[in-house]
Amino acid sequence: MKDQGMTLFEMLVVIILTGILLAFAVPRFKDLFARIQAWRITSEIAQMTNQARLAAIERGYPVGLCGSSSAVDCNGRWVDGLLLFVDSNRSRDKDVGEEILHFTPLNASPSVVAWQGFGGNGALLVEAMGTPYAGNGSFTYCSADAEPAYRRQVIVNRGGRVRLSRDTNGDGVHESTTGGAISCP
C-alpha cells in the first residue's frame, strides 16, 4: 500500500517557492494599485469638471465645484469629494439656498488632492459661457507616499476644456503644464 501524503521536504519546497513568487508579485500589485488609484481620481475630477462646464452652459448660471467632505457645503476637502452647485452670487462657496447639482465621493485619503487656479478661493467657478472665472488652473493628485510616478494633474484651460497630464518624455513621471515634474501641494 502506497502513502498518499507529502514529505516535510516537499512541503518546505512548495512554501519556499510560493514565498519567492509572492516576493516578486506584491510590489507589482502595489504599483498597479497606485496607478489605478491615480487614474480613478483624475478621471472623476475631469468628469466633474466637464459636468460643471456643461451645467453652467445649460442653465445659463455660474456653477461652482469645490472640495467637500459632507456633500452639503464647501470645506476644501477635495480628497473626500467633489460638490457641484449653482453659484448664483459667484462666491465660490455653497451658500444657503443654492442648489446642489451633484456630489461625487473620492475617498482618496490619505492622498492629497488640491485645486490651484487664478482667482484664488480654493474652488472652481465656471461662468454661464462655460469658461472658468478668472482664468485657467489645475487639480493636482499626489499619492500618500508622494511618489513622483503616481502624481497626476487635471488641467483646465481658459476656454474651460479639460485635459489630463501625460508622461511626454517616457521617464515614468507625468509632467505639469510647465513641462517639469508635478509638485505636490
Residue-wise, which Karplus ³J(HN,Hα) couplings in Hz belong to the range 140-150, taking 6.51 cos²θ - 1.76 cosθ + 1.60, θ = phi - 60°, and x for glycine or proline? 10, 10, 10, 5, 4, 8, 6, 5, x, 5, 10
Around residue 66: net Lys/Arg minus Asp/Glu count, Cβ-Cβ under 10 Å: 0
3J(HN,Hα) from dihedral phi, the range 173-178, Karplus parametrisation 6.51/-1.76/1.60, rounded to Hz, x for glycine, proline: 10, 6, 9, 7, 5, 8
When a footprinting reagent is the concern and you count Cβ atoms within 10 Å, what order do 184, 142 take, fewest first? 184, 142
Three-way shape call for the range 74-124 based on the alpha-carbon gyration tensor, with the a/c threshold at 1.5: oblate
In percent, how large is the relative contact order of the range 120-185, given Cα pairs closer than 8 Å and 6 or more residues apart? 27
Extension gain from residue 161 to residue 36, taking 0.36 nm per residue of separation minus the Cα-Cα distance: 42.7 nm
Could you work out the relative contact order of the chain, using alpha carbon pairs under 8 angstrom and six or more residues apart, expressed as a whole percent? 17
Mind ordering 174-181, 25-32, 53-60 by average Cβ neighbours within 10 Å, highest first? 53-60, 174-181, 25-32
Taking K and R as +1 and D and E as -1, what net charge do the other residues with C-beta under 14 Å from the C-beta of residue 132 add up to? +4
So if R0 is 22 Å, what FRET efficiency would residue 26 and residue 146 give, r being the distance between their Cβ atoms, rounded to the nearest 0.05? 0.60
Mind giving me the FRET efficiency for residue 173 and residue 9? R0 is 45 Å, r the Cβ-Cβ distance, nearest 0.05 is fine. 0.45
Starting with the highest mean, order 66-75, 162-171 by the number of other Cβ atoms within 10 Å, averaged over the residues of each peptide. 66-75, 162-171
Looking at 67, 132, 15, which one has the Cα that reaches farthest to the positive end of the dipole of the chain (charges on Cβ: Lys, Arg +1; Asp, Glu -1)? 132
Taking Cα pairs under 8 Å and at least six residues apart, what relative contact order does the range 51-118 come out at, in percent? 28
Taking a ≥ b ≥ c as the square roots of the Cα gyration tensor eigenvalues, with a/c under 1.5 meaning rounded and otherwise prolate when a/b beats b/c or oblate if not, the chain comes out prolate
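Values quoted throughout were computed directly from the atomic coordinates according to the rules given, and no laboratory measurement underlies them. Note that the structure is predicted; figures quoted are calculated from it, not measured. Counting neighbours? That spans all protein chains shown, and the Cβs are built from the backbone with ideal geometry, glycine included.
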